[in-house]
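Please treat every number below as a calculation from the coordinates, not as lab data. Small disclaimer: the values here were computed from a predicted structure and weren't measured. Cβ coordinates were reconstructed from backbone atoms using ideal geometry, including for glycine residues, and neighbour counts include every protein chain displayed.
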Amino acid sequence: MLDIDLGTILFGGAIAGFTIYLGLPIVFLRVSDRLRLFLSAASVGILLYLFVEISYHVIEQIESAMKLTILGYRSVSDVVSLVLIFVAGFALSLLSLLGFEAFVIRQNGGQPKSPTHLALMIAVGIGLHNFSEGLVIGQQFASGALSLGYLLVIGFALHNATEGFGIAGPLSNHRPSVLFVILLGLIGGGPTFLGTFVGSQWTSEPVETLFLSLAAGAILYIVGELIHLGKLKGAHMTATMGLLVGFFLAFGSDLVIEGATTVGFLKEADQKEIQMHAGDYFFEPREIHLKTGEATKILIENRGEVEHEIEILGMGEEIEQVIPWQGKGVVLLYPRHAGRYPFICDMPGHLAQGMRGTLVVE
């Protein structure tokens, strides 16, 4: 049973997704050529950051599955299926957009795509990415992590507002219809709402990998198109500043999400604290017992002579923390599913020397 009604969850998903409309009205403003160039470059910067973020997340998922297979917790077929999903999703989105481009050029009598077509493709790429963000929100609410769920809604809402600027960039000074702008917002922000519903009812690693792979391929294609079509030609300094501002604007909104995650965790009333220490080359204790839905803070002290890095595998998200020599590290956990999850030291050669343990969730 959920600790929160479905209507409230969906309302949160709507807030997180439809703030994308906050950045879209800029298309109705008349701007100078220099500002138009700046906005187009900023949209490329935002998309570049999203591509880096998405690709890193998918690759981490696959690497985690591979490590679990080596440790005997998963089958080889699991890793192969994730790799195939990644390759197929990435290639499918690239080839689909290539086909869309060829179709549009034929329809336009050999002329290149218009800014409206480019904005539509950007909205599709961002929408695929936002579906996976909605899955995260829904999963947190479903697991009972209400504080974290609410703060993720706020964080993703701010994040999606910046993505609205990314969609609007190619449309500056082109005055699209109000209905078309509304459509762009639905395509880009609506999937957050849908993902929140799906995530609150059902979780699937392959589905998340598929949508992230589709988004990565689409965004890479769109960035190439923006550059190829000469959107960044002109005042070199203006274009460079736009790229920087767009990239770090997206980076800043991502930091807000990370901060919201940490604050939401710290607000959990039933928080548990566990003391660990790392030596050369072992963890103590080697086995930790938790309960599902139990917010846990693991404090790790490095008593060894070298740097270590703990990584917890199989929990559906990247959980790792560097523990500097003679320093300390903190790992925050909110386990959603019962099971046995290995933790290892990810520094080269440390696992081979037996630096591993098991997290048991009951």
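A few notes on this one:
- The long axis of helix 146-168 is offset from the longest Cα principal axis of the chain by roughly 30 degrees.
- Ranking H159, G357, G316 by Cα position along the charge dipole of the chain, where only Lys, Arg, Asp and Glu carry charges on their C-beta atoms, puts H159 farthest toward the positive end.
- Each Lys and Arg contributes +1 and each Asp and Glu -1, all at the Cβ; summed about the Cα centre of segment 244-362, the dipole is approximately 280 debye.
- Footprinting exposure proxy ranking of I137, I85, fewest other C-beta atoms within 10 angstrom first, gives I85, I137.
- Relative to the longest principal axis of the Cα atoms of the chain, the long axis of helix 236-266 makes an angle of roughly 40 degrees.
- Order of R30, R74 - criterion: other Cβ atoms within 10 Å of each residue's Cβ, fewest first: R30, R74
- Take every pair of alpha-carbon atoms less than 8 Å apart whose residues are at least six positions apart; their mean separation over the length of segment 6-266 yields a relative contact order of 45 percent.
- Since only I70, F211, L92 are under comparison, the one whose Cα sits farthest along the positive direction of the charge dipole of segment 6-266, derived from C-beta charges on Lys, Arg, Asp and Glu, is L92.
- Size of electric dipole in the chain: Cβ of Lys, Arg +1 and of Asp, Glu -1, about Cα centre, debye, nearest 20: 1420
- Shown for the chain: lysine pairs separated by 8 or more places, or found on different chains, whose C-alpha atoms are under 23 Å apart, numbering 9.
- Peptides 190-198, 122-130, 18-26 ordered by average Cβ neighbours within 10 Å, highest first: 122-130, 190-198, 18-26
- Estimated 222 nm signal from helices in the chain, with DSSP H stretches of n ≥ 4 weighted -39500 (n - 2.57), rounded to 500: -21000 deg cm²/dmol
- Helix 205-228 vs. the chain, principal-axis angle (Cα, 0 to 90°, nearest 10): 40
- Here the residues D5, D280, ranked from fewest to most Cβ neighbours within 10 Å of their Cβ, fall in the order D5, D280.
- Among beta bridges that DSSP assigns inside the chain, antiparallel share in %, nearest 5: 70
- Largest-first principal axis extents, alpha carbons of segment 6-266, Å: 56, 36, 33
- Top positive-direction residue, dipole computed over the chain with Cβ charges, set P176, I298, H57: P176
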